[in-house]
Amino acid sequence: LFFKKRVKGENCFKLIAMIKNNNDEMYIVIGSDSGPKTCPMPGRLFFFVNDADSKSAYKNNKGSIEIQITRVE
């Protein structure tokens, strides 16, 4: 089976954060054993697992995750 992962060079199903600001997108690899992360730019924050770059690839993903986000000023 050949498919392109959404974030190349990272393992499948690894947790990824995406910050989107207008047309700019930045990805931050979270993983399962990483410590605190800092957003390097303002924007909307999204989370996803690194799956195939296709909307249909996410239909079979199941489960839940708890993410703690703290705003630091």
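At a glance:
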item: Single residue of the stretch 38-73 satisfying the filter (small (Gly, Ala, Ser) and not in a loop (DSSP other than H, G, I, E, B)) that is nearest to LYS20 (Cα to Cα); result: ALA52
item: Qualifying residue in the stretch 54-73 (condition: modelled with pLDDT of 90 or more and in contact with a strand residue (DSSP E or B) (Cβ under 9 Å, 6 or more places away or on another chain)); result: no
item: Hits in the stretch 13-22 - residues which are within 11 Å of the chain's Cα centre (by Cα) and on the phi < 0 side of the Ramachandran plot; result: LYS14, LEU15, ILE16, ALA17, MET18, ILE19
item: Residue in the stretch 4-17 that is out of contact with any Ser or Thr (no Cβ under 8 Å at 6 or more places or on another chain), among the small types (Gly, Ala, Ser), open to solvent by 100 Å² or more (accessible area, probe 1.4 Å) and not in a strand (DSSP E or B) present; result: no
item: Residue pairs meeting the criteria (Cβ under 6 Å; at least 6 apart or on separate chains; first under 16 Å from ILE69 (Cβ atoms), in the stretch 15-30; second outside any strand (DSSP E or B) and open to solvent by 70 Å² or more (accessible area, probe 1.4 Å)); result: ILE19/CYS39; ILE28/LYS37
item: Tally, over the stretch 28-44, of residues that are open to solvent by less than 70 Å² (accessible area, probe 1.4 Å) and within 23 Å of LYS4 (Cα to Cα); result: 4
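The values are calculated or read from the model by the stated rules, or taken from the named source; none is laboratory data. Just so you know, these numbers come straight off a predicted model, no measurement behind them. Quick reminder, even Gly has a Cβ in these numbers, built from the backbone with ideal geometry, and neighbours come from all protein chains shown. Areas reflect the complete protein model, heavy atoms only, side chains present, ligands, DNA and RNA absent. Shrake-Rupley method; radii C 1.70, N 1.55, O 1.52, S 1.80 Å.
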